[in-house]
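Just so it is clear, none of the values below were taken in a lab; they were calculated from the coordinates. Please read all numbers here as calculations on a predicted model, not as lab measurements. Every residue, glycine among them, receives a Cβ derived from its backbone with ideal geometry; neighbour counts consider all protein chains shown.
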Ligand SMILES: Cc1ncc(COP(=O)(O)O)c(C=O)c1O
């Protein structure tokens, strides 16, 4: 995993500038404050300026009790359950029946309780989160307007409101299509997002004569996705011909189309099936052409009906399509890759999200091969066979003998690391941090941390690698013969090496 803190900085600055511009150009009367939702990528640093945000009504009593005990006046906010519903994949927790936040009735009760305790001045922030990957600015504006109305109502009821926190949801365009109909794309950029938010808050507040609040957002994936690239080695693999057999053998069930046709047509069909089973594409095409021609001749002679001719035309199309599919699938190679899908791209497996993946070198050479990726795990789902734009394979290069071939997976900086588990005992990858520098290369590696070793992942699964090591060593010594070319030291260091090394493939020279 290569992390680029400068890209992270650039994303933060770009988001800040987008809001600054939207605020200045519209004469909005307050400012923007970004907040980082640490759950998206735990690698980021925290600065504390604490507002306690209620997710549930019952939490209020706890805050009141504790603040009395600690003699502090808390700054309180709450998350509102908006009625606006996000229709995409990530919208299932939004809307009236959504999982999080306070309903209108609960909001009213919270305000009343704080008022009765003389603590309404503590209520300062309104939060909501429409859902991740908000597809369009129209949906965004709808949700923000609803929230701005709640904000103005809170002001009217006497709360000391200062901040509207619009949550996350700023989407990124994983597949480059700029589409609001896709779960992996959005139809807007940072500028349009900021403009829609500022415009909606301003319009509602101006209408209600309410002072413009500080606008706070908690964008996660839009900030951290771009900053890390997963680099992994690919090894040449096999082509697959399972699909060939499947596609062509489906011809065998079409016998019914031949009812009442001449013996010549039946003979063509038998030949067609035999060649299909043997996977002989050219011969298949030859027999179906012959069959079609024979049927046309018989039709012209008046010995074949129009329905039968139409049936044979249909069969012709099916065969041509099956042959094309077979040829396509035969030309797709499986590249074995030195990573785990479950650890490094869990959303690919879990929610079928696609990420940009491409070779990171030989980019001046046209890729001549189509490939799918098969990971190191022994799990049959450990493969990447869906790519951007609905492609079922990736243009890749032929791997030359003795040459390394590396691929990069991009835009995975949000959620993937935190989600990834230890499935099949593969832990996270080693992490390298690369920053711009004034040196001759223009960049510097500022830190490099190895991923967990086999011993580490065994320990994480409650095994005892030290005990396992000692037991294995003891058993190996018991069987070590006097005349063996192996020494006790070699056995010990070989075993230690197994426990201390990464579960991923490593080249022999770097093992020492
Ligand atoms: C409350 C809240 N804020 C912010 C975020 C970050 O969302 P995103 O990564 O879509 O920007 C989430 C994600 O689920 C969230 O639940």
Subject >> Equivalent ellipsoid dimensions for the range 19-121 as semi-axes, Å, which come from the Cα gyration tensor, largest first >> reply: 26, 21, 17
Subject >> Amide N proximity, the range 62-84 versus residue 109 label position 7 Å along Cα-to-Cβ, cut-off under 18 Å >> reply: 62-65, 77-82
Original post:
Modelled label-to-label distance, residue 267 and residue 389, 7 Å Cα→beta-carbon offset: nm?
Top reply: 4.8
Original post:
Among bridges DSSP assigns within the chain, what percent are antiparallel (round to 5)?
Top reply: 50
Original post:
How many nm is it between the label spots at residue 365 and residue 181, if each spot is 7 Å from the Cα in line with the beta carbon?
Top reply: 4.0
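Given the Cα-Cα distance of residue 379 and residue 307 and 0.36 nm per residue of separation, how much length would full extension add, in nm?
On the way: separation 72, 0.36 × 72 = 25.92 nm, distance 4.86 nm.
Full-extension gain reported as 21.1 nm.
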**OP:** Output the relative contact order of the chain, whole-number percent, from Cα pairs under 8 angstrom with separation of 6+ residues.
**Re:** 15
Original post:
What base-10 log of the normalised intensity I(q)/I(0) is obtained for the range 2-226 from the Debye formula, alpha carbons as equal point scatterers, at q = 0.10 Å⁻¹?
Top reply: -0.45
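Can you tell me, using C-alpha contacts under 8 Å and at least 6 residues apart, the relative contact order of the range 242-323 as a whole percent?
Working: 71 pairs, mean separation 30.5, N = 82.
Worked out over the range 242-323, it gives 37 percent.
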Subject >> Mean ellipticity per residue at 222 nm, deg cm²/dmol - from DSSP H runs of n ≥ 4 across the chain, formula -39500 (n - 2.57) >> reply: -12500 deg cm²/dmol
Original post:
Any idea how far the Cα center of the range 467-481 sits from the one of the range 107-185, in Å?
Top reply: 62
**OP:** Post the alpha-carbon centroid distance, the range 372-423 to the range 187-239, in whole angstrom.
**Re:** 26
Original post:
FRET efficiency for residue 255 and residue 324, Cβ-Cβ distance as r, R0 = 22 Å, nearest 0.05?
Top reply: 0.45
Subject >> Taking the range 353-428 and dividing mean pair separation by its residue count, relative contact order in percent (alpha carbons under 8 Å, at least six apart) >> reply: 39
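Quick one: grab the alpha carbon gyration tensor of the chain, order the square roots of its eigenvalues as a ≥ b ≥ c, and give me rounded if a/c is under 1.5, else prolate or oblate depending on whether a/b is larger than b/c.
Values: a/c = 2.50, a/b = 1.39, b/c = 1.79.
Oblate, because a/c is 1.5 or more while a/b does not exceed b/c.
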Original post:
Could you state the number of Å between the C-alpha centres of the range 296-366 and the range 33-97?
Top reply: 48
